[in-house]
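Presented below is the structure to which this report refers.
The values are calculated or read from the model by the stated rules, or taken from the named source; none is laboratory data. Note that the structure is predicted; figures quoted are calculated from it, not measured. Note that we place each Cβ from the backbone using ideal geometry, even for glycine, and neighbour counts take in every protein chain shown.
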Amino acid sequence: MLTGKRILLVISGGIAAYKALELIRRLRERGAAVTPVMTRAAEQFVTPLSVSALAGEEVHRDLFDLTKEAEMGHIQLSRVADLVLVCPATADLLAKMAAGMANDLATTLLMATDTPVMAVPAMNVRMYLHPATQRNIATLTADGAHFVGPVEGDMACGEFGPGRMVEVPEILAAIEGAFSPKPLSGSRILVTSGPTHEPIDPVRYIANRSSGAQGTAIASALRDLGADVIFITGPADVAPPAGVRIVKVDTAAQMLEAVTSSLPVDAAVFAAAVADWRVASASDSKIKKVDGALPTLSFAENPDILATVAQMTKGRPPLVVGFAAETDDVITHATAKRARKGCDWIVANDVSPETGIMGGSENAVTLISKDGAEAWPRMDKAHVAAQLAERIAQAVAAG
Ligand code: C5P
């Protein structure tokens, strides 16, 4: 049931717009209120009269409507809903959303909203498969939008393939899924990610190689399970995920400070590739290159953030997860690392060059816990993240 939920339904101009009428009826049967918004093109496919009669509310169509701006205003309209549903979402509207355009009421609401956005694409197969559309969907997904479909099937244009809008029952299931409590709702989870940069002087630094891809994927997967994620990241290559609290740091010392000041948490995942050493006395000014003379750097050991948190006597997170990248005897080394650091789990992987894991899209990990070693099949990093997030959810639920 969707009792008490308000859906801001943006109808854009495609032949599948007629299915939005059926959707409005089914949403209202389930107790939801529907605030309809139509683009100009949508009016070519369904009439505002039908939409407003079924919704039991007036249709919003104009950005520059004096009466409506006086009564409510488009910014407020964008905030009244529990979910913004774009159905159908045409290639054109997705392109405008991905580009951040706001040149009519629908696009302005989509830019101004702070509410989760769900899009139900419907378009010709060639338009859907076009690199521009695929790029736009990837951008919007990274921005935190959820997509339902499309599916393969016969199209109104006579072609066959992906691009067909999903049917109303599937849209309803996705909406109900979006409102149902998630396994990590109410939990606070910290994730470290990326490398740290340890300055030599204001322009030079030492660092580990790390793209931040696995840490970012883990933070996204925990967010998708409903966790309040604190994402503490060094200067990574990949963009931080949407919908998490981002804390940007440079050095290991800053990362430790950010971690300790984020406690208490229900679980902490340490995926960062922290530099083991820093330059003992980094220079405040650029070290000059002098012919024939080489500078000498002396190092100091960085704090081990994972070990510090895992061995806290007060305020230790109930679940502390570390990573181990090894090139030989993975299980032996990772098991020893778990004991040395004092963490609950170690996610170990073999990064020897022949595996192609370092910098690749796949990972083959072994989860080391007090119960022993559990090898997971090789899968892409997003699936490793999803599976790890599921396991974390089980552990958090078990207390
Ligand atoms: O000792 P090693 O660097 O192999 O340990 C890897 C694990 O420890 C990772 O989880 C990493 O995030 C964490 N770590 C840390 N602080 C350090 C070094 C490693 O949190 N200074």
>> Cβ contacts < 7 Å: first residue under 19 Å from Ala336 (Cβ atoms), restricted to region 295-313; second residue basic (Lys, Arg) and within 13 Å of the ligand (Cβ to nearest atom), any location; separation 6+ or different chain. Result?
In response: Leu306/Lys341; Ala307/Lys341; Ala310/Lys341
> Of these, Ala336, Ala348, which one is under 24 Å from the mean Cα position of the chain (by Cα), free of Cβ contacts under 8 Å to residues at least 40 places away in the same chain and outside any loop (DSSP other than H, G, I, E, B)?
Replying inline: Ala348
> What single numbered condition from (1) in contact (Cβ under 8 Å) with a residue 24 or more places away in the chain; (2) under 24 Å from Pro116 (Cα atoms); (3) within 13 Å of the chain's Cα centre (by Cα) fails to hold for Arg223?
Replying inline: (1)
> Is there a residue being at pLDDT below 95, closer than 30 Å to Asp228 by Cβ and polar (S, T, N, Q) anywhere in region 183-202?
Replying inline: yes
> What number of residues in region 331-350 are under 21 Å from Arg378 (Cβ atoms) and among the hydrophobic types (A, V, I, L, M, F, W, C)?
Replying inline: 6
>> Which count do you get for residues in region 362-399 that are over 20 Å from Ala267 (Cα atoms), touching an Asp or Glu at 6+ places or on another chain (Cβ under 9 Å) and without any contact (Cβ under 8 Å) to a residue 40 or more places away in the chain?
In response: 5
> Looking at (1) polar (S, T, N, Q); (2) closer than 27 Å to Arg26 by Cβ; (3) surrounded by fewer than 18 Cβ atoms within 10 Å (Cβ to Cβ), which is the only condition Gln134 fails?
Replying inline: (2)
>> What's the total number of residues in region 285-318 that are within 16 Å of the ligand (Cβ to nearest atom) and either among the charged types (D, E, K, R) or part of a strand (DSSP E or B) (or both)?
In response: 5
